[in-house]
Amino acid sequence: MRQDVTLGILRLCVSPGRALSSSATRLQFPSARFLTHISPLRYYSSQRRPSPFSPTKPLGKTVASTLQDAANPPPTTRPPPLDLPERKPETSTFSHLFHTGKAYLTFYKNGLKQIYTNHRLLYPKKASDPIIEPGTRAYFLLRRRWAHDIRRLPLFAFLLLVCGEFTPLIVLAVPSLVPATCRIPKQAEKVERQADSTRLRYLNNVKEGKAHNSAFAVASVAQAFGVISSLWGRLPFSPPTMFSLAKLQPHCTYLVEDNYLLGQAGGVEALIPEEVKLACVARAISVSGRGDKELRRTLAEWLEMINEVDDQRHKHVRMHTLALVPREAWSDIRSKKLFEAMEISN
């Protein structure tokens with residue numbers, strides 16, 4: 001009978017008692033029995049399927065003019081600049097708040113215009129309209145981000161119409177309702193910190209002996225990737241495992257395709273700084289307090305570890321593991337070949 005091989009790797013990574021440093025706290029590395037619930041392979045098909053995005057798959061008939069064009073989606077898929085007025089001593093409170101609200105409305109107006117611009121890039125009306133070359137990472141992310149924004153557009157437009165200048169106060173509480181092009185910097189920072197807070201919360205629960213079930217572990221992975229609400233982490237119970245996996249598996253499948261297209265477009269070096277950060281956030285890589293060079297190195301290492309295997313479910317398992325294992329332990333995972341041992345035993 002096939003054994004359920006899961007990610008019980010922490011005991012093997014670091015000897016008991018060894019501590020890992022974190023910007024927020026110092027935590028003892030948890031033992032393996034607490035990570036045996038992360039991404040159980042029993043939830044995947046037992047059939048070993050090669051990735052549909054293998055290196056032998058052609059990129060397509062058309063390519064972008066440069067590798068950077070192929071790697072980076074257009075800037076209209078990212079939020080426009082937000083220019084908030086500075087508070088001067090002679091400015092009254094009412095005047096400052098009025099101009100601040102006006103700046104936010106301008107920001108949201110430009111963000112909504114960008115959604116329409118992205119629509120025109122995907123579905124041009126005239127032969128002279130600019131287009132993004134299909135088959136590239138730029139086109140893939142343009143379509144994905146446009147679809148993300150379109151689904152949120154009706155409710156957000158209604159919220160903006162009702163709340164007006166007070167919209168920023170509302171959307172901070174429900175960031176999932178906001179199109180990506182209308183995400184204010186504070187929302188972006190909140191999303192960027194989500195993987196860090198989830199990882200620390202999980203390790204704290206491990207340290208206190210509270211992480212005992214697969215539902216909690218898989219939900220923690222899903223929260224680190226941002227595919228389920230972080231509010232689950234504040235409740236005394238976890239969502240059902242199948243609910244978390246239903247959100248998690250499509251995201252990991254998207255990352256497999258994105259990894260392949262990024263490799264075809266020139267790799268990490270072809271990304272602009274803004275896209276490097278977004279790629280790290282999508283992969284639950286910590287970006288807080290890290291510069292562009294460090295993020296590029298970390299992203300390149302992450303991609304290398306994921307692309308070492310062709311089996312898609314093993315790629316998923318590696319993604320799940322790295323989402324909760326602190327960056328400081330990655331070298332231990334690689335040096336001791338723990339991924340390989342786990343995959344052979346399966």
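The values are calculated or read from the model by the stated rules, or taken from the named source; none is laboratory data. No experiment lies behind these values; they were computed from the predicted model shown. Glycine gets a Cβ as well: all are built from the backbone with ideal geometry, and neighbour counts include every protein chain shown. Side chains included, ligands, DNA and RNA excluded: accessible areas come from the protein's heavy atoms. Shrake-Rupley method; radii C 1.70, N 1.55, O 1.52, S 1.80 Å.
Results, tabulated for the structure shown:
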read-out: Options Arg137, Arg152, Arg87: the member that is more than 27 Å from Val276 (Cα to Cα) and of a type in the set (Lys, Arg); value: Arg87
read-out: Tally of residues being assigned to a helix (DSSP H, G or I), farther than 22 Å from Glu192 by Cβ and among the aromatic types (Phe, Trp, Tyr) across region 214-238; value: 1
read-out: Residue ID - nearest to Thr321 (Cα to Cα), chosen from residues in region 252-285 that are open to solvent by less than 20 Å² (accessible area, probe 1.4 Å) and not hydrophobic (A, V, I, L, M, F, W, C); value: Arg283
read-out: Test: residue in region 188-205 that is touching a residue at least 24 places away in the same chain (Cβ under 8 Å), part of a loop (DSSP other than H, G, I, E, B), surrounded by fewer than 22 Cβ atoms within 10 Å (Cβ to Cβ) and of a type in the set (Val, Ile, Thr); value: no
read-out: Qualifying residue in region 169-181 (condition: in contact with a helix residue (DSSP H, G or I) (Cβ under 9 Å, 6 or more places away or on another chain), open to solvent by 30 Å² or more (accessible area, probe 1.4 Å) and either of a type in the set (Phe, Trp, Tyr) or more than 30 Å from Pro80 (Cβ to Cβ) (or both)); value: no
read-out: Pair list, Cβ under 7 Å, 6 or more apart: region 76-88 residue open to solvent by 50 Å² or more (accessible area, probe 1.4 Å), other residue of a type in the set (D, E, K, R); value: Pro79/Arg183
read-out: Conditions (1) free of Cβ contacts under 8 Å to residues at least 12 places away in the same chain; (2) open to solvent by less than 60 Å² (accessible area, probe 1.4 Å); (3) closer than 30 Å to Gln264 by Cβ; number of the one not met by Thr91; value: (3)
read-out: Among residues of region 284-333, those that are of a type in the set (Gly, Ala, Ser) and within 23 Å of Phe216 (Cβ to Cβ), counted; value: 4
read-out: Matching entry among Ala147, Ala103, Ala71 (being touching a Leu at 6+ places or on another chain (Cβ under 9 Å), small (Gly, Ala, Ser) and within 30 Å of His251 (Cβ to Cβ)); value: Ala71
read-out: The listed residue being more than 15 Å from the chain's Cα centre (by Cα) and surrounded by fewer than 16 Cβ atoms within 10 Å (Cβ to Cβ), out of Leu142, Leu121, Leu161; value: Leu161
read-out: Meets criteria (modelled with pLDDT under 95, of a type in the set (D, E, K, R) and within 17 Å of Tyr104 (Cβ to Cβ)) for Glu133; value: no
read-out: Subset of region 130-139 (residues that are of a type in the set (D, E, K, R) and open to solvent by 30 Å² or more (accessible area, probe 1.4 Å)); value: Glu133
